[in-house]
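All remarks here apply to the structure that follows.
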Amino acid sequence: VDYLGGNTLVSGGIYNCADPEGQSSLEMTDALRQTVEDALSEEPADEAHRALMAQVRSDYNAYLASGSAGLFDSAAWHALQTWNGGDKAADLALVEAFCSQAPDGLAWLKSMGLNVTKIAQGGGALWQRTHYTEGPLGTSIINTYTSALAEREELASIYYSTTARELLVDADGRVTGVSAVDKHGNTYTFHSNNAVILATGGFAANVELRRQYCEGEKWPDLGQNVKSTNLPGITGDGIFMAQAVGANLVDMDQIQLLHTCSPRTGTTWANYYTSGSLIFINKEGKRFVREDGRRDDMSKAIIAQTGSIMYLVQSGDFIPDPADARTSDGVPLLEAVEMGDWYMADTLEELAGQIGVPADALVQTVADYNAACETGVDKEFGRTLLTMPFTKGPYYAYARTPSCHHTMGGVQINGNAQVLDTEGSVIAGLYAAGEVTGGIHGGNRLGGNAIADTVVFGRIAGIHAVKGE
């Protein structure tokens, strides 16, 4: 391709990290307090888990003693939710390194001009620590990088439409470069002075690989009928380039489906989403899952519904003026309505008619949801984020279905982002960061953790690579 950016470019552009100052205006409800207490009442899986829980307890006690009414958060709580949310399958040391350095990573992006517009709870994020960035999708992240590179053009050369083919290794087993070919067939050999850093993404766009590695009891069908949010080039090439020089692969059976994708495109086209602003409705006009839960749980619940789709429903409380609103990818909301991707009505009954669900069921569902917002307790599904009842029109709906989104498996790294071989030893001269790696997200990635992962371990890789370790 002739542009910078892989899946980051088409991501939600959201970034998770603890930010107590920024989160101070968010309410710490009784349901959220119970979420913390429940996590701290578990039986520890091992001593590392016990130590992390103890740190969270210490952080939480300090928060309580402060008398703050704002939302509690800390790097340790982020780490505990990340590890628990990934079924305790990740490398906890990597998780803790990731979450502890995520705030510094965001500060680094801001220092280069990134603008954060709000903090909320992204889909599947599990906590209101998701920093939303200015601009459609992940363009602001990539634009921040390209602007910084333009100011340092003497330090970097970018080769567009040039495909890496294999890693070069010297007689001592050190990775010393990369061979590549451009779109005209010209070949290149890039020699490294210190190291090579892999940042080539996962393989969710590769139907053959996701069926080979990830299809099973959890996801019985990952074939052609399941679309992908990924750019077409995200096919796992870098993972297997690393494997060819001895890299160990971990968690290759773990894949995430994103629950909020367009049935028409398979992408996040025309989303406008925070977990507290919406309800999920099936063809019967009823809620069927907690909307602030894990992405895998929500995706499996949607697949089980009639037609394997849902309608994401919002109200004028979140979008009071449709003429002024744009979806997350920058599409004017009224244009999405004209295209038939969104539906809009003055009443719930009219909206029900547009999307073909029973009007009485939809009206009752919204009434029940509003009652849960009033009491702060969702008895039916256990949702904890109950901050926005539906009190006024217009009312909106758009159809969503799961698509293959993120592969949690890849090359194994250590805390310095060095790639490890099958014996657990460092492969000299080779680093990796982002979705090309495994071991960080376990069995389920929290929404908003991916960009932060790329930033944290990308910076770690760069810092150590320049030392020539």
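The values are calculated or read from the model by the stated rules, or taken from the named source; none is laboratory data. Predicted model only: the values in this text are computed from it and were never measured. Heads up, the Cβs are rebuilt from the backbone with ideal geometry, glycines too, and the neighbour counts pull from every protein chain shown. Quick note on the areas: whole protein, heavy atoms, side chains included, nothing else; ligands and nucleic acids left out. Shrake-Rupley method; radii C 1.70, N 1.55, O 1.52, S 1.80 Å.
When the stretch 338-359 is examined, which residues are found to be of a type outside the set (D, E) and not in a loop (DSSP other than H, G, I, E, B)?
In the first step, residues of the stretch 338-359 are kept if they are of a type outside the set (D, E); the result is 339-340, 342-345, 347-348, 351-359.
Within the stretch 338-359, Y343, M344, A345, L348, L351, A352, G353, Q354, I355, A359 meet the criteria.
Kindly indicate the residue of the stretch 193-242 that is aromatic (F, W, Y) and closer than 16 Å to A432 by Cβ and also surrounded by the most Cβ atoms within 10 Å (Cβ to Cβ) among those meeting that condition. Ranking the qualifying residues of the stretch 193-242, first place goes to F203. Looking only at residues of the stretch 411-423 that are crowded, with 22+ Cβ neighbours inside 10 Å and in contact with a Phe, Trp or Tyr (Cβ under 9 Å, 6 or more places away or on another chain), we find that the one that is nearest to M298 (Cα to Cα) is I413. Residues in the stretch 1-34 that are part of a helix (DSSP H, G or I) and exposed (fewer than 14 other Cβ atoms within 10 Å of the Cβ): D30, Q34. Set side by side, the residues N248, N206, N225, N194 differ, and just one is closer than 27 Å to T327 by Cβ and polar (S, T, N, Q), which is N225. Among residues of the stretch 41-56 that are under 13 Å from A93 (Cα atoms), those with a beta-carbon under 8 Å from a residue that is of a type in the set (K, R) and part of a loop (DSSP other than H, G, I, E, B) at least six positions away or on a different chain give the pairs H49/K88. Looking only at residues that are open to solvent by 40 Å² or more (accessible area, probe 1.4 Å), of a type outside the set (D, E) and not in a helix (DSSP H, G or I) in the stretch 319-337, which one is nearest to G135 (Cα to Cα)? That would be S328.
Contact map, the stretch 169-196: residues that are more than 21 Å from D2 (Cα to Cα) and small (G, A, S) paired with residues that are modelled with pLDDT of 95 or more and open to solvent by 80 Å² or more (accessible area, probe 1.4 Å), Cβ distance under 6 Å, separation 6+ or inter-chain. Pairs shown: G177/H191.
Being in a strand (DSSP E or B) and of a type in the set (V, I, T): is that true of I427 here? It would help to see each step written out before you state the result.
Numbers: in a strand (DSSP E or B): yes; of a type in the set (V, I, T): yes.
Considered against the rule, which asks whether it is in a strand (DSSP E or B) and of a type in the set (V, I, T), I427 comes out as yes.
The set of residues from the stretch 374-410 being in a strand (DSSP E or B), open to solvent by less than 30 Å² (accessible area, probe 1.4 Å) and either touching a Pro at 6+ places or on another chain (Cβ under 6 Å) or of a type outside the set (S, T, Y) (or both) comprises A397, A399, R400, T401, P402, C404, H406, G410. Close contacts from the stretch 93-122, counting a first residue that is among the polar types (S, T, N, Q) and a second that is outside any helix (DSSP H, G or I) and open to solvent by less than 10 Å² (accessible area, probe 1.4 Å), with Cβ to Cβ under 7 Å and a gap of 6+ residues or different chains, come to Q121/W127; Q121/T130; Q121/D292; Q121/L385.
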